[in-house]
C-alpha cells in the first residue's frame with residue numbers, strides 16, 4: 001500500500017497528493033502538523049533524514065522530493081490516466097516547467113508565505129523552546145528560515161521575492177492566455193506542480209492574480225480546481241490552516 | 001542531425017556533451033565563447049531567449065536546461081548504452097541527485113568560479129562597454145551576477161558559498177566511499193550531472209577534494225575521466241580557458 005507523508009493540500013505536499021488522486025491510486029495519507037514541528041521529530045527523520053515532507057513509502061522504499069515522487073508514480077504505477085506527454089519534446093517542455101517551479105517560483109512564494117504565516121506559529125514560544133525546535137532541524141538553510149520567520153525577514157529580501165513573484169505570475173499568464181495547459185497540449189505534471197504553488201494566490205496575492213491582470217492564470221487555476229480529482233482531494237484532506 | 005550549443009566541457013555544458021559522447025550520438029558541436037558574451041548575442045537569443053547554454057537543436061526543436069536535455073536524449077534517442085536505471089526507485093534516486101546538483105551544488109561552485117574567473121573577463125572593459133554587455137542579458141539575476149563579478153562579490157556571500165561547497169563535497173564523498181556510482185549501482189545521469197560540476201575541484205579546491213579527505217569522490221572523478229567517452233570528449237572539445 002502506498003503511504004504519503006505530507007502537510008495539507010498546498011505547496012509541495014499538494015503535488016504528489018493531487019497526482020495520486022488524478023491516477024486514482026489507493027493510498028494512505030499521513031498528515032503531519034507543521035505547527036507542531038512533526039516533520040522534525042525523530043520518528044519522521046527516521047523516514048526522511050532531511051526532515052521534509054512530502055515523502056512516499058512504497059512497500060518500504062522511501063521516495064522524497066515532491067517532483068521526483070510525481071515522476072516516480074508515473075514510472076512505477078502506470079495507469080490509464082497519463083500525466084506525462086508521450087512525445088519526448090513535450091515531456092522535456094513539461095520538465096522545464098517542473099524544474100522552474102522548484103528552482104524559482106516556489107521559493108519566492110514560500111518566503112512570503114513564511115513571513116506571513118510561519119511567523120505566527122513561533123511567536124508564542126520562549127527563546128528556549130524555539131532554540132530546541134531549531135536544533136531538531138537537520139538542514140542549516142531551514143534553520144535560518146525558521147530564525148528569520150521569528151525575527152522577521154529582511155525587507156530587501158521580501159522586496160526581491162515580491163519582484164520574483166510578479167515575474168513568475170507574468171510568465172505563467174503569458175503562456176496560459178494562449179494555451180489551455182502548460183506543456184504538450186495536455187494536463188500534466190507541469191500543471192500539477194505549478195498549480196501546487198499558484199493555487200490560493202488569487203486570494204493571498206489578489207493584487208497580482210486577478211481576472212483583469214492574469215485572466216489566463218486565473219482561468220487555469222479555476223479549471224484545475226474544478227477537476228473531479230482536485231475536488232475529491234480537497235474534500236478528503238483538511239488544510240492545516242483549519243486545524244489546531 | 002543533433003546540434004549542441006555550449007561552452008567548453010565544464011559545468012552545465014558538460015552534461016549533455018558527455019551524454020552525447022557516452023551514447024555515441026552523432027552531433028554537431030557549436031562552441032560559444034563566454035568571454036565574447038556570445039550567449040547574449042541576438043543570433044543566440046533567437047535560439048534560446050534566456051541567453052543560456054547549453055541548448056540542443058534536434059531537427060529544429062530546441063531543448064534547453066542541461067539536465068532536461070540529458071533526460072530528453074534518453075527519451076528520444078534510446079541506445080544500447082542506458083544512462084538511466086530501469087528500476088523506478090533507482091531512477092527516482094538518480095533524479096534526487098540530478099535535482100540536488102541543479103538546486104544546490106552547482107550554485108555554490110559557480111559563484112566561487114565566477115569570483116575567480118569571470119571577474120577577469122570583464123575587468124578590462126570600460127564602464128560603457130560593460131553596461132552595454134549587461135543590457136544584452138535577458139535574465140535580471142544574471143545581470144546581477146555579472147555586476148558582482150565586476151565589482152566583487154560580498155565576502156559574506158563567498159563565505160556562505162564555501163560552506164555549501166564543503167557540505168556538498170562531504171555528501172558526495174560519504175556516498176562514493178561505499179558506492180561505485182551515485183544511483184542504482186550503475187553509471188547514470190546522476191554521475192554525469194554531478195561530475196560536470198565536481199570535475200576540476202581536485203585542482204581548484206584541492207584543500208577540500210584530495211586523496212586524504214575525499215578518497216571516494218576523487219576515485220570517482222578519476223574513474224569517469226578514464227572512460228573512453230570522457231577521453232574522446234575532452235580530446236575533441238577545447239576548454240574555453242585555453243582559447244582567446
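Applying the condition of being more than 18 Å from residue B:98 (Cβ to Cβ) and away from chain A (no Cβ under 14 Å) to the range B:160-179 and asking which residue is nearest to the chain's Cα centre (by Cα) yields B:173. Scanning the range B:75-89 for residues that are more than 9 Å from chain A (Cβ to nearest Cβ) and crowded, with 18+ Cβ neighbours inside 10 Å yields B:83, B:84, B:85.
Please count how many residues of the range B:201-217 are free of Cβ contacts under 8 Å to residues at least 40 places away in the same chain and either closer than 23 Å to residue B:113 by Cα or surrounded by 15 or more Cβ atoms within 10 Å (Cβ to Cβ) (or both). Lay out the reasoning, then the answer.
Residues of the range B:201-217 free of Cβ contacts under 8 Å to residues at least 40 places away in the same chain: B:202-203, B:206-207, B:210-212.
Subset that is either closer than 23 Å to residue B:113 by Cα or surrounded by 15 or more Cβ atoms within 10 Å (Cβ to Cβ) (or both): B:202-203, B:206-207, B:210-211.
Total meeting the criteria: 6.
The set of residues from the range A:37-51 being under 16 Å from the mean Cα position of the chain (by Cα) and surrounded by 21 or more Cβ atoms within 10 Å (Cβ to Cβ) comprises just one member, A:39. Residues considered: B:105, B:44, B:37. Of these, the only one that is touching a residue at least 12 places away in the same chain (Cβ under 8 Å), touching a strand residue (DSSP E or B) at 6+ places or on another chain (Cβ under 8 Å) and more than 12 Å from chain A (Cβ to nearest Cβ) is B:44. When the range A:56-74 is limited to residues that are in contact with a strand residue (DSSP E or B) (Cβ under 7 Å, 6 or more places away or on another chain) and either at pLDDT below 95 or assigned to a strand (DSSP E or B) (or both), the one that is nearest to the other protein chains (Cβ to nearest Cβ) turns out to be A:63. Of the residues in the range B:119-138, none is within 14 Å of chain A (Cβ to nearest Cβ), under 23 Å from residue B:201 (Cβ atoms) and touching a helix residue (DSSP H, G or I) at 6+ places or on another chain (Cβ under 8 Å). Note on the range B:92-101: among residues that are within 7 Å of another protein chain (Cβ to nearest Cβ) and out of contact with any strand residue (DSSP E or B) (no Cβ under 8 Å at 6 or more places or on another chain), the one that is surrounded by the most Cβ atoms within 10 Å (Cβ to Cβ) is B:95.
The values are calculated or read from the model by the stated rules, or taken from the named source; none is laboratory data. Just so we're clear, the structure is a prediction, and the values are computed from it rather than from any experiment. All Cβ positions, glycine included, derive from the backbone under ideal geometry; neighbour counts span all protein chains shown.
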